[in-house]
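Here is the structure we will look at.
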Amino acid sequence: MPFLSDTLSRVKPSPTIAVSNLAAELKAKGQDVIGLGAGEPDFDTPQNIKDAAIAAINAGKTKYTAVDGIPELKRAICAKFKRDNGLDYTPAQVSVGTGGKQILYNALMATLNPGDEVVIPAPYWVSYPDMVLLAGGTPVIAEAQAQTAYKLTPEQLEAAITPKTKWFIFNSPSNPTGAGYTAEELKGLTDVLMRHPHVWVMSDDMYEHLVYDGFEFATPAQVEPGLYDRTLTCNGVSKAHAMTGWRIGYAAGPVELIKAMGKIQSQSTSNPCSVSQWAAVEALEGPQDYIATNNELFRRRRDLVVSMLNEIEGMSCPVPEGAFYVYPSIAGLIGKTSAGGTKIDTDEAFAKALLEEKGVAVVFGGAFGLSPCFRISYATADETLREACTRIQDFCASLR
Ligand SMILES: Cc1ncc(COP(=O)(O)O)c(C=O)c1O
């Protein structure tokens with residue numbers, strides 16, 4: 001009898017975490033490595049949020065809480081959905097988990113049966129297909145194209161839906177491309193979904209607040225109220241509030257689904273950290289002005305990276321609307337050979353040679369389901385980004 005479960009053989013470890021680990025390992029060995037793999041803001045958590053957590057500790061808020069979140073946080077989340085998205089939810093429609101990741105996982109675990117399909121647009125956040133596999137479902141990948149700036153078209157969504165489709169996972173602004181759907185573009189997709197009443201919508205709005213140049217964020221239940229009863233609107237404090245380590249994510253949707261998600265959580269992790277929940281109350285209810293300040297920095301970095309990458313012959317990088325990623329195509333570089341003798345026949349070979357020869361860690365596009373590309377996270381200091389892009393330029397110039 002094998003010791004490890006069959007389920008384990010269906011999933012692979014997160015490639016983005018693998019890149020970050022490798023970069024850290026090389027750095028620890030004294031190598032000059034710039035890591036552009038990690039998907040987290042380089043800013044510290046705002047002081048008012050830290051203070052709220054310290055106050056919670058001092059007030060003894062250190063015990064178990066209700067499994068899927070304290071009432072105060074659920075109320076703050078309802079207010080946030082109303083304020084930012086014009087969506088009406090009651091606390092009974094809200095679930096709080098240990099990061100956005102657990103929320104998505106709970107929802108899939110609570111709903112997928114063998115044979116159920118989940119439509120995932122590619123390029124996708126690395127965890128979606130593996131979470132679906134862990135939950136016993138079948139990921140169906142719908143490939144978006146560079147020509148539409150990696151946004152799925154209504155025709156592509158329509159073609160991916162079958163009678164077995166249970167969920168459509170939607171992520172805007174996207175990890176890994178930063179692409180954000182306008183309300184009009186999203187309406188094209190929700191019109192398709194209205195024609196398929198058996199399909200539920202999981203909207204991962206994690207990067208909602210990280211948008212630039214006046215881009216207006218939109219979420220499916222807002223754009224098409226007819227989808228409200230079969231949409232799970234997911235979000236979290238990790239990215240916009242620089243709280244990745246605090247591990248608080250949340251979602252709102254139909255009560256039956258929310259209860260089912262709570263049941264999964266009650267038999268796995270129980271409540272998310274009590275102190276982090278109080279910090280999240282402050283993040284949602286306290287001042288929001290640092291978001292605009294951080295966004296201005298992010299936009300500047302985005303522009304720096306996009307312009308330096310687009311100077312490279314053989315590379316093309318769309319200008320993303322949001323998040324802190326860019327996703328350049330290296331189609332024009334495939335088939336070349338690096339100065340170190342590596343044949344660049346895939347984006348994985350490109351990323352490996354770039355790390356070995358120039359000490360820049362990026363994540364290859366294959367990890368996100370669309371090649372030949374790579375992802376850069378620009379949530380790092382301007383000088384570091386400039387140095388990294390110069391090294392990428394040098395590396396590409398040395399390809400023969
Ligand atoms: C698109 C997307 N969704 C969800 C998450 C998970 O966020 P959290 O750190 O809150 O679990 C991430 C984190 O990288 C993400 O990029």
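The values are calculated or read from the model by the stated rules, or taken from the named source; none is laboratory data. What you see is a predicted model, and the numbers here were worked out from it, not measured in a lab. Virtual Cβ from ideal backbone geometry, glycine too; neighbours counted across all protein chains shown. To get the accessible areas, we keep the full protein, side chains included, count just its heavy atoms, and leave off ligands, DNA and RNA. Shrake-Rupley method; radii C 1.70, N 1.55, O 1.52, S 1.80 Å.
General remarks:
- Some residue of region 155-168 being part of a loop (DSSP other than H, G, I, E, B), aliphatic (A, V, I, L, M), open to solvent by 10 Å² or more (accessible area, probe 1.4 Å) and away from the ligand (no atom under 16 Å from the Cβ): yes
- Of the numbered criteria (1) surrounded by fewer than 15 Cβ atoms within 10 Å (Cβ to Cβ); (2) in contact (Cβ under 8 Å) with a residue 24 or more places away in the chain; (3) closer than 29 Å to A144 by Cβ, the one D394 fails is (3).
- Members of region 365-385 found to be part of a strand (DSSP E or B) and within 16 Å of the chain's Cα centre (by Cα), listed by number: F374, R375, I376, S377
- Filtered by the rule that a residue be touching a Pro at 6+ places or on another chain (Cβ under 9 Å) and at positive phi, region 308-347 gives a lone residue, A323.
- Test: residue in region 195-217 that is under 18 Å from E117 (Cα atoms) and basic (K, R): yes
- Scanning region 344-364 for residues that are touching a Lys or Arg at 6+ places or on another chain (Cβ under 8 Å) and free of Cβ contacts under 8 Å to residues at least 40 places away in the same chain yields A349, K358.
- Just one of the listed residues (I54, I120, I103, I70) is within 14 Å of the ligand (Cβ to nearest atom), within 20 Å of H241 (Cβ to Cβ) and either open to solvent by 10 Å² or more (accessible area, probe 1.4 Å) or under 23 Å from the mean Cα position of the chain (by Cα) (or both), namely I103.
- Any hit, region 38-47, residues being free of Cβ contacts under 8 Å to residues at least 60 places away in the same chain and surrounded by fewer than 17 Cβ atoms within 10 Å (Cβ to Cβ): yes
- Count of region 197-245 residues which are within 11 Å of the ligand (Cβ to nearest atom), of a type outside the set (A, V, I, L, M) and within 19 Å of G178 (Cα to Cα): 12
- None of I334, I344, I312 is over 30 Å from G214 (Cβ atoms) and open to solvent by 10 Å² or more (accessible area, probe 1.4 Å) except I334.
- Within region 246-256, considering residues that are assigned to a loop (DSSP other than H, G, I, E, B) and buried (at least 22 other Cβ atoms within 10 Å of the Cβ), the one farthest from the ligand (Cβ to nearest atom): G253
- Cβ-Cβ under 6 Å pairs, at least 6 apart or on other chains, region 130-148 side closer than 10 Å to L112 by Cβ, far side crowded, with 19+ Cβ neighbours inside 10 Å and β-branched (V, I, T): V132/V118; G137/V118
- A single member of T65, T111 is within 16 Å of G249 (Cβ to Cβ), at pLDDT 90 or above and surrounded by 13 or more Cβ atoms within 10 Å (Cβ to Cβ), and it is T65.
- Answer residue from region 131-150, given it is open to solvent by less than 20 Å² (accessible area, probe 1.4 Å) and not β-branched (V, I, T) and is nearest to the ligand (Cβ to nearest atom) among those: M131
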